Every structure is written in C-alpha cells, then in structure tokens.
Amino acid sequence: MSAARVALVLGGRHGLLGQALTKALPLAGWRAVALGREDFDPFDQGALRETCQREQATAIFNTVAYTAVDQAEDDRDAAFRLNRNLPRLLGLSARELGIALVHFSTDFVFDGKKDTPYTAKDNPAPESVYGQSKLAGEQALLEIAPPDLLIIRTSWLFGPGKANFVSKILDLAHTRDKLTVVADQTGSPTYTPDLAKNSVVLLDSGARGLFHLASGGKATWCELAAQAVHLAGYPCRVEPIATDAWPAKAKRPRFSVLDLDAFTEATGIVPRPWEQGLRDYIFTDLALGDALGED
Ligand SMILES: NC(=O)c1ccc[n+]([C@@H]2O[C@H](COP(=O)([O-])OP(=O)(O)OC[C@H]3O[C@@H](n4cnc5c(N)ncnc54)[C@H](OP(=O)(O)O)[C@@H]3O)[C@@H](O)[C@H]2O)c1
C-alpha cells in the first residue's frame, strides 16, 4: 500500500478556505498539515523547507493572502507583499523541493466588462489594488513555473469556520427587519467545502496550470443575501440597492461569473450549484432554519 500523500495547508488553521481544505484532504486520502502564522512565518523559506522535509510533504496548498479588499487600496505594499511576494517565494521553494503547489487567486483580476462567464483565457484587467496584487502573484508563479503548479481562481466564498458575507448578513438579519444589499454586481458564490473537495480532485486529476473553480450558477450579492435570510427563516426584508448607494474604497467588477468548463473537462465533475452549498451551510454548519419545512 502506498504511503499517504501529505499536504501542507498554509492558512489551514484559521483561514476560511484553509480550514475547508484541512477537512477535505483526508477524505481524498491525503494527510493534511494545517499551518497558521503561529507555526512559522510563511516568508521564512528555511522554516518552510524544514517543515516540508519533516512532514515529507508532497504538496503545498497556499491560502495565505491579503484579503481585505478595501483596506488594500491604502495598504498597497502589504497587499503586494502577501499576494505577490509570498507566492513567488513558495514557487521557488516548490521548484527546489520538487513538490506540487496549489495557489488560490480571485475573480477580482477581471474588470467585469464582459457579460458572459470568464474563462482562464480571458484577459485580466484588475481595477483594485487587491486584484492587481493577486494578478501579480499569478504572474510571478507562472514565470517561476514550478513543474507541479496549479493556480485556482475562485470567488465569493462562504462556509464554516470564519465570518464571511453570508454569516455577516445573517447576523444583521437576526436583529433587523430590513437590509439593503447591492444588486448590480453578479458573481459566482462558492461554498468552501465544495471548493476544497474539487480543488483536491483537480490536483489529483493531474491537471496543471490556471483554472477557474467555484460553485455552479450565479447571483447578485442581493440574491445571495435574500436566499440566505429566507433559508434561515428570519422575518427580514432584503431590498436591492445600487453599488453607488454603498460607496466602497475598492472598485469591484460588475460581472465576474467564472466559467467552470475547463474544470469539468479535466475532472468530469460539474460543481454543485451555490444554492445547494448554501443549504448545507445554513441547515448543517450553522444549524439554522428548518430544512424539513423548506419549500
Ligand atoms: N474570501 C473570498 O471571498 C475570496 C474570493 C476569491 C478568492 N479568494 C482567495 O482565496 C484564498 C483564501 O481566501 P480566504 O477567504 O480563505 O482567506 P482568509 O480567510 O482571509 O485567510 C487568509 C489566511 O492568510 C493568513 N494571513 C494573512 N496575513 C498573514 C501574514 N502576514 N502572515 C501569515 N499568515 C497570514 C490568515 O491568517 P490569520 O487567520 O492568522 O490572520 C488566514 O489564515 C485567498 O488567496 C484569496 O485571495 C477569496
């Protein structure tokens, strides 16, 4: 019997996606080593190398990132340090150690001017510092080209283990009778346990390079919020507003739905619709609502 494959999950202790990966990997026959900043500084290449060797790691999953999209507008250096410099260093280490590297990027690399789903062949044109720094990370990795590199662009994450858009909406809806939510941005909401499972399948399929991966379907922020509030059974009205009515520092794409066909061609899997992930999140992870009474 072959030994279990071992993956280091950077951000695996506290990150939203990192925690989902730490749970999904063992179900696919991997041993997952969850790492947080208390274990070592991810920029410390010596500590990373030592950990890879001690754990006999065959892959690194990097979920560490600067994810505060609005704050990044005022904190460009910090965003580029985590979103460009860190993946670059990880790429060098993966190449030197001869191990796989799975790195996550974002739909915010697009300007949102299309109105059909974005494929990995579409030209990125980020309009925020966050998007620019994430694109710079992708480009640094593609330049270093470690032989076993997988870059996965994903979007609009929700799931257990950490506050996220859906959990924040539900917290507000619990105490208010009305919420207004942006209804002129459309994207691919994504349930992190599904993304984590499918990311491991993609790696195991032997696919390498740049892929788009999210839950199936599309929604506006307002549709996602309304569905979450409805499932949770809260008597709170969710009303649409325009982006202009909710000023934010960073510019977000108006449309950033991801095309998942390349993932399906590589794995034979069609990702579940986001609505199904949302039900699992609300009824099982958060234990809210009444799944049996749901229409
Ligand atoms: N969230 C989304 O909606 C979304 C959408 C598209 C793409 N993505 C991408 O998906 C990936 C995962 O996102 P996520 O939402 O799971 O991120 P997250 O929950 O914000 O987790 C990021 C991780 O990075 C760690 N980290 C941040 N700064 C660090 C530093 N200076 N040193 C060490 N660790 C540091 C955090 O550690 P602590 O917990 O200790 O702070 C956390 O574990 C990222 O690449 C992100 O760009 C996310």
Checklist entry - How many residues does the stretch 1-15 hold that are of a type in the set (A, V, I, L, M, F, W, C) and assigned to a loop (DSSP other than H, G, I, E, B)? => result 3
Item to check | Matching option when the condition is away from the ligand (no atom under 16 Å from the Cβ) and either open to solvent by less than 40 Å² (accessible area, probe 1.4 Å) or under 22 Å from ASP44 (Cα atoms) (or both), among LEU82, LEU92, LEU86 | outcome: LEU92
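Each row is one residue, and each column tells you yes or no for (1) crowded, with 23+ Cβ neighbours inside 10 Å; (2) within 15 Å of the ligand (Cβ to nearest atom); (3) in contact (Cβ under 8 Å) with a residue 12 or more places away in the chain.
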{"position": "GLU55", "(1), (2), (3)": "no, no, yes"}
{"position": "ALA65", "(1), (2), (3)": "yes, yes, yes"}
{"position": "VAL69", "(1), (2), (3)": "no, yes, yes"}
{"position": "ALA100", "(1), (2), (3)": "no, no, yes"}
{"position": "HIS103", "(1), (2), (3)": "yes, yes, yes"}
{"position": "ASP107", "(1), (2), (3)": "yes, yes, yes"}
{"position": "ASP111", "(1), (2), (3)": "no, no, yes"}
Next on the checklist: Quick check on ALA120: is it hydrophobic (A, V, I, L, M, F, W, C), in a helix (DSSP H, G or I) and within 27 Å of ALA78 (Cα to Cα)?
Outcome noted: no
Item to check | All positions within the stretch 16-49 that are in a loop (DSSP other than H, G, I, E, B), open to solvent by 20 Å² or more (accessible area, probe 1.4 Å) and within 13 Å of the ligand (Cβ to nearest atom) | outcome: ARG37, GLU38, ASP39, PHE40, ASP41, PRO42, PHE43, ASP44
Checklist entry - Looking at ASP115, ASP77, which is the one that is touching a Phe, Trp or Tyr at 6+ places or on another chain (Cβ under 7 Å), open to solvent by 60 Å² or more (accessible area, probe 1.4 Å), over 20 Å from PHE211 (Cβ atoms) and not in a strand (DSSP E or B)? => result ASP115
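The values are calculated or read from the model by the stated rules, or taken from the named source; none is laboratory data. Given the structure is predicted, the values throughout are model-derived calculations rather than measurements. All Cβ positions, even for glycine, are placed from backbone atoms using ideal geometry, and neighbour counts span all protein chains on display. Note: accessible area is taken over every heavy atom of the protein model, side chains too, but ligands, DNA and RNA are not part of it. Shrake-Rupley method; radii C 1.70, N 1.55, O 1.52, S 1.80 Å.
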